[in-house]
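> Starting off with a structure, shown below.
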Amino acid sequence: MPSNGGLLRELAAIVGKANVLTQDSATRPYATGYRYGAGPVLAVVRPASPLEQFRVFAACVAADVIVIAQAANTGLTGGSTPDGLYDRPLVIINTMRIKGVHLLGAGEQVVCLAGATLYELERVLSPIGREPPSVIGSSCIGASVIGGV
Ligand SMILES: Cc1cc2nc3c(=O)[nH]c(=O)nc-3n(C[C@H](O)[C@H](O)[C@H](O)COP(=O)(O)OP(=O)(O)OC[C@H]3O[C@@H](n4cnc5c(N)ncnc54)[C@H](O)[C@@H]3O)c2cc1C
């Protein structure tokens, strides 16, 4: 099992050093919930593609760290942030760089990658007269499609 330092090096090799945040000042906005939850994290990792996301997750599992999936972190239930101290190091995988909204067929269905926002979905669906599940508060503050699901 890799050490914390070994895991951080592995994560940097996958997503680039700039997308592995470890300084408290850099991680705090991601590690603090909109309404509930806050706590120390080993790192916030920002993959740019589903493949990078998979490789980051696999590295975290191999290192036996706790993983929290996070999108725009606007959720109100505390699910996207830590809550106090845990028995193992914790890594937040923030997906907001993983963009992509793909209509299937004539728009009966849509594939939204993990960082696609409600606002982007609204823009893609508008020409075909459809709407995302939420077009009220959450779309205005940059929430993702997946975070709502
Ligand atoms: C001012 C304000 C207004 C709001 N208005 C609305 C509204 O009008 N309608 C509404 O429905 N909600 C609203 N909300 C709540 C919030 O915006 C929604 O719940 C939003 O959909 C959360 O999306 P997010 O991208 O921020 O997800 P996050 O907060 O990042 O995550 C939400 C949950 O999804 C999980 N998650 C995220 N990504 C993944 C992934 N790739 N795989 C697995 N799990 C994942 C997280 O672990 C967490 O448990 C509002 C919140 C605020 C602060």
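The values are calculated or read from the model by the stated rules, or taken from the named source; none is laboratory data. Remember, it's a predicted structure, so these values are computed and weren't measured experimentally. When we count neighbours, we look across all protein chains shown, and the Cβ atoms used for this are built from the backbone with ideal geometry, even at glycine. Keep in mind that these areas ignore ligands, DNA and RNA; they rest on the heavy atoms of the full protein, side chains included. Shrake-Rupley method; radii C 1.70, N 1.55, O 1.52, S 1.80 Å.
> Y86 is checked against (1) of a type in the set (S, T, Y); (2) farther than 21 Å from L21 by Cα; (3) at pLDDT 95 or above and fails just one. What number does that condition carry?
Every condition holds for Y86 apart from (2).
> Same structure again: Could you list, in sequence order, all residues of the stretch 106-120 that are open to solvent by less than 30 Å² (accessible area, probe 1.4 Å), more than 8 Å from the ligand (Cβ to nearest atom) and modelled with pLDDT of 95 or more? Lay out the reasoning, then the answer.
Step one: of the stretch 106-120, the residues open to solvent by less than 30 Å² (accessible area, probe 1.4 Å) are 107, 112, 114-118.
If we keep only those that are more than 8 Å from the ligand (Cβ to nearest atom) too, we end up with 107, 112, 115-116.
If the condition is that a residue be open to solvent by less than 30 Å² (accessible area, probe 1.4 Å), more than 8 Å from the ligand (Cβ to nearest atom) and modelled with pLDDT of 95 or more, then C112, G115, A116 are the ones that fit.
> Further question: Could you tell me which of the residues S126, S80, S49 is out of contact with any Asp or Glu (no Cβ under 9 Å at 6 or more places or on another chain), closer than 20 Å to C140 by Cα and not assigned by TED's automatic domain parsing to the domain that holds S144? I'd like the intermediate steps shown before the answer.
Working: S126 fails: not assigned by TED's automatic domain parsing to the domain that holds S144; S49 fails: closer than 20 Å to C140 by Cα.
After ruling out the rest, the residue left standing is S80.
> Looking only at residues that are at positive phi and at pLDDT 95 or above in the stretch 61-78, which one is most open to solvent (accessible area, probe 1.4 Å)? Lay out the reasoning, then the answer.
Our first condition is that a residue be at positive phi; within the stretch 61-78, this holds for 64, 73, 78.
Still in the list and also at pLDDT 95 or above: 64, 73.
Working: D64: 71, N73: 22 Å².
So the residue we want is D64.
> Which residue, of L103, L76, is away from the ligand (no atom under 16 Å from the Cβ) and of a type outside the set (G, A, S)? Before you say what the answer is, go through the steps one by one.
Details: L76 fails: away from the ligand (no atom under 16 Å from the Cβ).
From the options L103, L76, the qualifying one is L103.
> I'd like to check something: does the stretch 11-31 contain any residue that is within 25 Å of L76 (Cβ to Cβ), open to solvent by less than 30 Å² (accessible area, probe 1.4 Å) and touching an Asp or Glu at 6+ places or on another chain (Cβ under 7 Å)?
Here is the first cut: in the stretch 11-31, the ones within 25 Å of L76 (Cβ to Cβ) are 21, 24-31.
Remaining after also requiring open to solvent by less than 30 Å² (accessible area, probe 1.4 Å): 27, 31.
Adding the requirement that they be touching an Asp or Glu at 6+ places or on another chain (Cβ under 7 Å) leaves none.
No; the residues of the stretch 11-31 include none that is within 25 Å of L76 (Cβ to Cβ), open to solvent by less than 30 Å² (accessible area, probe 1.4 Å) and touching an Asp or Glu at 6+ places or on another chain (Cβ under 7 Å).
> Okay, moving on. If the requirement is being in contact (Cβ under 8 Å) with a residue 24 or more places away in the chain and on the phi > 0 side of the Ramachandran plot, which of these qualifies: G6, G37? Don't jump to the end; show me each part of the working.
Values: G6 fails: on the phi > 0 side of the Ramachandran plot.
From the options G6, G37, the qualifying one is G37.
> Is there a residue being of a type in the set (S, T, N, Q) and surrounded by fewer than 17 Cβ atoms within 10 Å (Cβ to Cβ) anywhere in the stretch 86-104? So that I can check it myself, show each step before the final result.
So in the stretch 86-104, the residues of a type in the set (S, T, N, Q) come out as 94-95.
From what is left, the residues that are surrounded by fewer than 17 Cβ atoms within 10 Å (Cβ to Cβ) are none.
Looking through the stretch 86-104, none of the residues is of a type in the set (S, T, N, Q) and surrounded by fewer than 17 Cβ atoms within 10 Å (Cβ to Cβ).
> Please specify each residue of the stretch 51-73 satisfying the condition of being within 13 Å of the ligand (Cβ to nearest atom) and within 19 Å of M96 (Cβ to Cβ). Lay out the reasoning, then the answer.
Looking only at the stretch 51-73, we keep the residues that are within 13 Å of the ligand (Cβ to nearest atom), and these are 52-54, 56-57, 66-73.
If the condition is that a residue be within 13 Å of the ligand (Cβ to nearest atom) and within 19 Å of M96 (Cβ to Cβ), then E52, Q53, F54, V56, F57, V67, I68, A69, Q70, A71, A72, N73 are the ones that fit.
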